[in-house]
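Note sheet for the following structure.
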Amino acid sequence: MTGWIQDVRFAGRQLRKSPGFTLTALITLAVGIGVTTAVYSVVQTVLLQPLPYPDPNSLVGVAFTYPHERPNAEETGGTYEFVRDRIHAFSAVALMDDSGPSVNLSVNGGHPMQVTSLGVTEGYFRTLGVMPALGRAFLPEEDRAGAPHAAILSDGLWKRLFNRDPSIVGRAIHVNQESFTVVGVMPATFAVAAETAPGVMATPDLWRPLQLGSKDPGYDGDNYQMIARLKPGFSAAQVQPQLTALEQPFYQLYPGYRQWFDEAKMLHQFRVRKLQDVVVSDVRRSLLTVLGGVVAVLLIACLNLAGLMTARAMRRKREIALRSALGGSPAQILRLVVSEGLWLAVGGGVLATFVAVVATRILLRNAPLAIPALRGAPSASLLTGVAMMVAVASTAIFSILPAWALLRSSTQEMRLNGSAVGETVSHARISRVLMVLQVALAMVLVSTASILLGTFLNLRSVPSGVEPKQLAVVQVTLQGDRYANTLRTTQFVTKVLDGLRHAPGVDRAAAVNGLPLDRGLNDQGYPTGRAELERTLEFRPITQGYFAAMGIPMLMGRDIAESDVAGSEPVVVIGATAARKWWPGRSPIGESIHYGDRRDRRIVGVVTDVHTNSLVESQGFVVYAPMTQISDELTSAINGWFPTSFVVRTAAQVPLAEIVRRAIAEADPEIPVAKLTTMQSVIDNTIQQPRFFSMLSVGFSAFALLLTVIGLFGLLSYQVTNRTREIGVRMALGANRFDILRIFLARGVALAAAGIAAGWAASLLLRPIWHQLLVDAGVDMSANAAGAGNVAMNSAQAMTIAIGTILAAAAAASWLPARNAASVEPMQALRTE
């Protein structure tokens with residue numbers, strides 16, 4: 001033990017004598033270990049820890065889905081009831097609303113506010129095994145259509161709005177201008193398990209009974225999620241055959257669902273999976289890929305330090321030889337070198353803990369991934385423990401390797417007297433291998449970054465179809481009985497538009513349900529009398545002047561007019577793709593389509609295409625109809641699912657927030673502003689995932705490239721120092737300075753070329769991962785996304801960029817050592833010998 005203490009003290013003194021090396025090593029380790037710790041801790045918290053519910057292994061998600069889809073729990077109202085009534089292996093089942101809409105909440109006549117809400121069946125809390133901390137759960141009779149409204153509050157809303165008043169149970173609140181009785185408050189620790197927002201991104205503010213019925217507008221669509229708790233003795237694998245056996249009877253009872261098939265003509269199937277797998281399905285691959293990237297960066301950092309410490313150790317050959325001559329054993333020599341590595345590992349680990357805390361907050365706050373918030377952020381103890389474990393594990397790479405290189409050196413190589421003539425064969429081999437590995441890993445990271453960054457830049461250049469400059473977007477929620485009909489909805493919209501259009505500085509204003517690149521209604525439609533041409537359409541109710549406000553050019557025909565009101569002939573304006581594919585080579589003006597509320601609508605105009613869901617999608621079929629001509633049933637459904645958006649084009653900078661607030665308050669003081677943003681922000685939000693992945697990969701690759709440049713520079717500088725006598729001899733025998741410059745430049749480029757070759761081979765194996773990265777980054781690579789081929793960067797282009805970047809970096813790293821070698825004076829070099 002005394003020997004260990006002495007060696008540790010000696011190693012500390014040695015590191016203090018080399019502040020430049022020590023500081024470089026600590027910073028390198030702090031960044032590498034810190035970022036790795038942050039990502040691993042998020043992976044541990046999100047993917048590996050069990051769900052925070054009693055007996056989480058018995059919780060499952062039940063889905064009606066394509067067999068190739070990720071684990072999910074998507075169901076329709078009909079399939080949920082079909083399964084619920086026929087599978088008896090579940091002790092409890094529940095359904096939740098998949099959309100998680102925002103609602104307007106007001107209390108005691110106060111100013112309304114927007115809160116998030118989740119509709120659930122009465123067995124929801126019983127299935128999860130968590131009951132309200134105050135009050136009770138929903139009763140079966142409260143979950144029936146037409147029953148009195150009930151609500152359960154989250155702890156956060158109870159604290160924020162009611163100051164934790166226990167008398168809230170039994171009191172009335174107003175949700176979407178309808179009275180709801182508060183029956184319970186959930187515990188502060190309760191978080192929702194679901195696969196999409198708000199269940200993943202955050203726990204909703206309140207829950208309300210779903211009151212599911214066959215007349216519900218979303219009943220026939222996969223607009224819900226089903227969860228269940230297995231009875232003791234049952235597993236998901238045992239239940240799956242029972243679900244599979246239900247598929248044939250289901251399709252016989254409901255043949256209409258046979259129209260739900262993918263490109264391979266595969267029908268939906270019933271699937272049961274662990275709820276843990278369902279919750280993390282959207283982020284598992286992304287998080288593991290990011291973890292692989294940071295581990296690669298950490299490995300490069302360790303290889304870099306291993307090279308530097310090997311060179312540092314070889315400079316101490318005489319010291320080690322002297323220790324050996326005085327009786328020092330190989331174990332003692334190993335302990336001496338490892339002590340130095342432990343100093344760096346512990347110091348780097350301590351600094352890495354602070355880096356990890358910051359990196360974790362940045363990742364959770366800025367990552368546009370649906371990272372489940374069920375368990376909260378990783379704890380400080382987890383971050384500290386992981387950082388120190390990674391730090392100690394890293395020691396095995398960057399400190400034991402130099403010690404092993406020293407122990408392998410022969411007695412002749414560790415002479416007590418005389419100077420070295422160049423570097424040893426073993427050291428040269430180890431240094432080259434370390435350098436090639438660094439370059440290979442950097443090649444993989446740089447090529448990956450090239451693909452993601454190139455794709456992101458291509459996405460940014462894709463025209464959305466609208467003119468976003470000086471265009472603002474205002475959204476409100478029009479749910480509830482008051483806005484369940486077209487007349488009341490259009491009266492509100494018209495009054496708001498009047499207030500906006502007469503405001504100073506406002507050029508144009510219009511309204512739409514289903515903003516471009518935002519959620520909107522889709523359904524089946526076809527040209528009247530030609531049902532065989534049925535396609536999925538994007539249906540957008542609009543007001544007069546919408547196209548002018550959005551900057552969407554009219555190609556033929558006319559715009560929606562003031563005369564297009566309820567009672568007049570139903571009309572539509574269609575997008576260019578629908579016109580081209582349904583009426584190729586001729587004008588569709590005067591034709592009609594069958595869609596929406598199942599009425600025939602005459603086409604009066606054609607406009608240019610806009611991207612309705614993403615910038616990658618192929619141009620789809622879009623239909624615009626006057627908001628005044630929509631049936632009450634369709635208006636109620638649209639208002640229940642989607643916000644109403646007002647688009648406002650301004651001529652100058654105006655206090656738009658106050659203008660909007662006043663216009664909406666004059667139309668209905670009970671309707672709050674849900675969102676006020678710009679159209680450019682809406683567009684930018686659609687590419688936030690590609691931006692995140694590209695910036696992250698660029699950061700990883702830049703750090704890896706910097707470490708590689710430092711490593712190559714250090715290796716060549718060490719070689720120049722050790723081979724000064726050889727350089728002098730070469731120049732004395734006639735070699736000119738250009739020859740020396742070329743030799744050392746060639747060595748650096750040759751090492752880089754070997755690493756590039758290895759990295760290129762590894763990158764070929766990673767092409768499927770690149771494909772999945774693009775999918776996770778929001779770039780749909782399916783056959784339906786015709787634009788993906790023009791957006792996604794070609795892998796050959798990415799490899800070319802990576803090769804050029806690394807060769808340029810290698811040449812830059814080699815230039816200064818090569819120039820120093822070429823500037824050696826031969827007489828001075830030989831005189832020093």
Fill in: Computed [θ] at 222 nm, helices only, for the chain once each DSSP H run of length n ≥ 4 contributes -39500 (n - 2.57)
-16000 deg cm²/dmol
Discussion item. I'd like the Karplus ³J(HN,Hα) series for segment 42-55: coefficients 6.51, -1.76, 1.60, θ = phi - 60°, whole numbers in Hz, and an x wherever there's a Gly or Pro.
Written reply: 5, 4, 4, 5, 7, 8, 9, 6, x, 4, x, 10, x, 6
Response to the item:
the chain accessible area per residue, 1.4 Å probe, protein heavy atoms, integer Å², reads 43 Å²
Discussion item. As a test question: what accessible area, to the nearest 10 Å², does K274 have when a 1.4 Å probe is rolled over all protein chains in place?
Written reply: 100 Å²
Discussion item. For Cα pairs less than 8 Å apart in space and 6+ apart in sequence, what is the mean separation divided by the residue count of the chain, i.e. the relative contact order in percent?
Written reply: 16 percent
Practice prompt. Determine the gain in length on full extension of the stretch A561-H502; use 0.36 nm per residue of separation and subtract their C-alpha separation, reporting nm with one decimal.
Written response: 19.3 nm
Discussion item. Given a 1.4 Å probe and heavy atoms of the protein chains only, how would you sort T189, T536, T79, largest accessible area at the top?
Written reply: T189, T536, T79
Worksheet item: What is the Å³ per residue value for the convex hull set by the Cα atoms of segment 623-746?
Response: 262 Å³
Worksheet item: Considering the Cα trace of segment 539-630, what is its radius of gyration and what is Dmax, both in angstroms?
Response: 12.5, 39
Practice prompt. Mind ranking T486, T677 by accessible surface for me, highest first, 1.4 Å probe?
Written response: T677, T486
Worksheet entry | 12 Å beta-carbon shell around W583, net charge (K/R +1, D/E -1) | +3
Worksheet, complete the sentence: Here the gain from full extension of E247 to D55, 0.36 nm per residue of separation minus their alpha-carbon distance, amounts to 66.2 nm
Discussion item. Nothing charged except the Cβ atoms of Lys and Arg (+1) and of Asp and Glu (-1): what's the magnitude of the dipole of segment 38-110 about its Cα centre? Round to the nearest 20 debye.
Written reply: 160 debye
Discussion item. Using the Karplus curve 6.51 cos²θ - 1.76 cosθ + 1.60 with θ = phi - 60°, what ³J(HN,Hα) values do you get for each residue of segment 233-245, in whole Hz, with x for Gly and Pro?
Written reply: x, 9, 10, 4, 5, 6, 7, 4, x, 5, 5, 4, 5
Worksheet item: Going from the alpha-carbon gyration tensor of the chain, what semi-axes, largest first and in whole Å, does one get by taking the root of 5 times each eigenvalue?
Response: 62, 33, 25
Worksheet entry | Antiparallel bridge percentage (DSSP; both residues within the chain; nearest 5) | 80 percent
Worksheet item: For a paramagnetic label modelled at 7 Å from the Cα of A133 toward its Cβ, which residues of segment 26-60 fall within the zone defined by backbone nitrogen distances under 18 Å?
Response: 52-54
Fill in: Simple Cβ-charge dipole of segment 1-138, Lys/Arg +1 and Asp/Glu -1, about Cα centre, in debye nearest 20
1060 debye
Fill in: Lys/Arg +1, Asp/Glu -1 at C-beta; the chain dipole; positive extreme among A484, P148, P655
P655
Worksheet item: Carbon and sulfur together cover what percent of the accessible area of the chain at a 1.4 Å probe radius?
Response: 58 percent
Discussion item. Can you sort S117, S681 by solvent-accessible area, 1.4 Å probe, largest first?
Written reply: S681, S117
Worksheet item: So which aspartates and glutamates pass the test for K17, namely a Cα distance under 19 Å, with those fewer than 8 places away in the same chain ruled out?
Response: D7, E319, E340
Worksheet, complete the sentence: Magnitude of the Cβ-charge dipole (Lys and Arg +1, Asp and Glu -1) of the chain about the Cα centre, nearest 20 debye, reported as 4280 debye
Discussion item. Using a 1.4 Å probe on the protein heavy atoms only, what accessible surface does R136 show? Give it in Å² to the nearest 10.
Written reply: 90 Å²
Worksheet item: Between L555 and residues 5 or more places away or on another chain, which pairs have amide H atoms under 5 Å apart, with H built 1.01 Å from N, and which residues are they?
Response: V606, V607, T608
Practice prompt. Give me D for segment 1-67 in µm² s⁻¹, whole number, from Stokes-Einstein with Rh from the Kirkwood sum over alpha-carbon pairs, 20 °C and 1.002 mPa s.
Written response: 126 µm²/s
Item to complete: Report the extension gain between H88 and E141 in nm, rounded to one decimal, defined as 0.36 nm multiplied by the number of residues separating them, less their alpha carbon distance.
Response: 16.9 nm
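The values are calculated or read from the model by the stated rules, or taken from the named source; none is laboratory data. Here the structure is a predicted model, which is why all the values come from computation and not from measurement. Cβ atoms come from the backbone with ideal geometry, glycine included; neighbour counts cover every protein chain shown. Ligands, DNA and RNA are stripped out before the accessible areas are found, and what is left, the full protein with its side chains, is counted by its heavy atoms. Shrake-Rupley method; radii C 1.70, N 1.55, O 1.52, S 1.80 Å.
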